[in-house]
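**Q** My structure is below; once you've seen it, I'll send some questions.
The values are calculated or read from the model by the stated rules, or taken from the named source; none is laboratory data. Note that the coordinates shown come from a computational prediction; the quantities given were computed from them, not determined experimentally. Counting neighbours? That spans all protein chains shown, and the Cβs are built from the backbone with ideal geometry, glycine included. Heavy atoms of the whole protein, side chains included, go into the accessibility calculation; ligands, DNA and RNA do not. Shrake-Rupley method; radii C 1.70, N 1.55, O 1.52, S 1.80 Å.
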Amino acid sequence: MNPIRAAMAETLEQSDHTSVQRRIESITSNRSNCIPAAKRRDSFLAPVTIDERSGQIGPCVSQSGKRCSDKGFLPMSLEDYVEMLDWTARQIAPGKSGRTPADTPPVLKRLGLDGTAWCELVSDFGRLFCTVAGRPECVDPLRSLRTHRRYHLRRRARELLARVD
């Protein structure tokens, strides 16, 4: 939020050198380039989402060694977190000159994400994806290392992912 409040940027995507900019770059580049999680621009950041009901209590040291923790910090999805920051950036802050203009489209729209499709993908993830998850153009060329069979995505997953473009 600092670059926006300091009037150095109008949107989260333009907020240079911030974690939210890195997270947004990962969302958009992963959709088109099929980048593995370990190579994404935000791989050094702790995940956003924490499951308070079934998550571990206490610290969760990263297994990869690329970040301090593998534990999330908010009971919301990354997309909800970005939307919350977008909403906050539009509000007037006393004593601060910057904010995201009211006529700027919402962040999900700017990123090409359909909110309802995204919510269904997230809430029904286990039902929509079995062995692998990803965009059809990333999954279709993949084959199982053990059986050498191609992986398949369920029709509903394909329909939803087409709406997330």
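**Q** Keeping all protein chains in the complex and leaving out DNA, RNA and ligands, what accessible area do you get for Leu78 with a 1.4 Å probe, in Å² to the nearest 10?
**A** 40
**Q** Now for a different question. If you line up the Cα atoms of the chain on their principal axes, what length do they span on each, largest first, in Å?
**A** Extents along the principal axes, in whole Å: 62, 38, 29.
**Q** Roughly how many percent of the accessible protein surface of the range 69-140 is carbon and sulfur, given a 1.4 Å probe and a whole-percent answer? Intermediate results must be reported in sequence, preceding the final value.
**A** On the way: 2380 of 3920 Å².
Accessible surface attributable to carbon and sulfur in the range 69-140 totals 61 percent.
**Q** For Asp124, tell me the accessible area in Å² from a 1.4 Å probe, rounded to the nearest 10.
**A** 50
**Q** Sort 127-133, 144-150 by packing, meaning the average of other beta carbons within 10 Å per residue, with the highest value first. Walk me through the numbers before you get to the answer.
**A** Numbers: 127-133: 14.0, 144-150: 8.3.
Result, highest mean first: 127-133, 144-150.
**Q** If I stretch the segment between Ala117 and Ser19 completely, what's the gain in nm (0.36 nm per residue apart, minus their alpha carbon distance), one decimal?
**A** Numbers: separation 98, 0.36 × 98 = 35.28 nm, distance 2.50 nm.
Length difference between fully extended and current span is 32.8 nm.
**Q** With the contact rule set at Cα under 8 Å and sequence spacing of 6 or more, what percent relative contact order holds for the chain? Before the final figure, lay out the partial values.
**A** Working: 191 pairs, mean separation 32.5, N = 165.
It rounds to 20 percent for the chain.
**Q** Per-residue ellipticity at 222 nm for the chain, helices alone: DSSP H runs ≥ 4 residues times -39500 (n - 2.57), over residue total, nearest 500 deg cm²/dmol?
**A** Numbers: 8 runs with 62 residues, N = 165.
Per the formula, -10000 deg cm²/dmol.
**Q** Follow-up question, since we're still on this one. Among Phe73, Phe44, Ala117, which residue has its Cα positioned farthest towards the positive end of the charge dipole of the chain, with +1 placed on the Cβ of Lys and Arg, -1 on the Cβ of Asp and Glu, and the dipole taken about the Cα centre?
**A** Phe44
**Q** With a probe of 1.4 Å, find how much accessible area the chain has per residue, and write the answer as a whole number in Å².
**A** Values: 10610 Å² over 165 residues.
Heavy-atom SASA per residue in the chain reads 64 Å².
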